[in-house]
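Everything below concerns the one structure shown next.
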Amino acid sequence: MSPELTLNLLAALSIGFLGSSHCLVMCGGIASALQLSMPQLNLLQQLRLQLMLSLGRLTTYSLLGALTGAFGAAVLVKLGISLFWLKLLAGLMLLLMAFYVARLWFALTFLEKQGSALWRRIQPFSKALLPLDSSPKALAYGLCWGFLPCGLVYSSLGWSLASGSALQGALLMCAFGLGTLPAMLAVGSFARSLSRFKNKHWVRASAALLLALYALYTIAIALAPRLF
């Protein structure tokens with residue numbers, strides 16, 4: 001594994017974790033509702049279903065990452081579009097993510113609105129899987145859940161577009177998804193405490209600053225060959 005890919009995967013994992021305060025707002029209600037939709041199972045059984053949900057969600061993220069990574073590679077080869085433009089796009093998307101997390105500019109909501117059309121087609125299939133009383137149903141619901149419109153997911157997909165291959169695109173999205181797991185698996189008082197902590201102004205500002213710095217680093221890497 002190249003040093004650049006290792007750094008990108010660590011960054012994707014961190015972005016998923018730091019950005020999951022948004023996930024707690026957007027998806028936390030869904031996670032809580034799904035918890036209530038499960039039959040009266042013991043804690044271990046409920047945890048198994050929650051893990052299957054997350055496995056399905058991460059599988060969808062990885063598949064979307066593979067598709068965007070493969071598309072980016074195909075664009076490079078067939079249309080002759082320079083990797084410079086894709087890396088620049090990735091950096092700009094990460095910068096928009098930083099503004100989004102800081103709640104300074106919600107430009108990514110435009111992408112969420114565009115993705116809602118696809119979600120409206122998938123949502124009926126997910127509702128048919130309720131109640132979640134088996135691992136296969138939880139996995140299938142998680143696969144659907146991965147298509148829920150989310151600006152953070154879409155900006156990460158822009159990053160995968162510049163990865164240069166299907167494998168790297170899938171790995172980046174999988175790492176991003178793994179970063180969101182603590183927030184998504186948190187339940188009860190721990191979930192409320194985590195939500196309050198991540199919604200503190202200084203936590204959001206710190207997360208946004210780190211995202212912005214990595215976005216600027218990505219843009220600098222893209223621009224460097226042309227400037228020097």
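Quick note: the coordinates plus some simple rules give every number you see, no bench work behind them. Every value quoted in this text rests on a predicted model; they were computed, and no experiment measured them. FYI the Cβ positions are ideal-geometry reconstructions off the backbone, even for glycines, and counts take in every protein chain you see.
Could you give the length gained on full extension between residue 92 and residue 104, defined as 0.36 nm per residue of separation minus the Cα-Cα distance, in nm?
2.8 nm
Taking the Cβ of each residue in 116, 2 as the centre, tally the other Cβ atoms inside 10 Å and list the residues starting with the fewest.
Values: 116 12, 2 8.
By the 10 Å Cβ count, ascending: 2, 116.
Which FRET efficiency value, to the nearest 0.05, is calculated for residue 76 and residue 6 with the Förster distance at 25 angstrom and r the Cβ-Cβ distance? All intermediate terms of the calculation are to be shown ahead of the outcome.
Numbers: r = 22 Å, r/R0 = 0.88.
The pair residue 76/residue 6 has a calculated efficiency of 0.70.
Mind listing the phi-derived Karplus ³J(HN,Hα) values for region 82-98, rounded to whole Hz, using 6.51, -1.76 and 1.60 with θ = phi - 60°, and x for any glycine or proline?
5, 4, 3, 5, 5, 5, 5, 4, 4, x, 5, 5, 5, 5, 5, 5, 4
Under a straight-distance cross-link criterion of Cα-Cα below 27 Å, which lysines are reachable from residue 87, leaving out those fewer than 8 residues away in the same chain?
Hits, sequence-local ones excluded: 78, 113.
Taking the beta-carbon count within 10 Å as an exposure proxy, list 119, 85 from fewest neighbours to most.
Details: 119 16, 85 13.
Going from least to most buried by this count: 85, 119.
Can you list the lysines whose alpha carbon sits under 26 Å from that of residue 137, skipping same-chain ones fewer than 8 residues off?
Leaving aside lysines fewer than 8 places away in the same chain, those within reach of residue 137 are 127.
How big is the gap, in Å, between the Cα center of region 117-132 and the Cα center of region 53-111?
Region 117-132 and region 53-111 have Cα centres separated by 24 Å.
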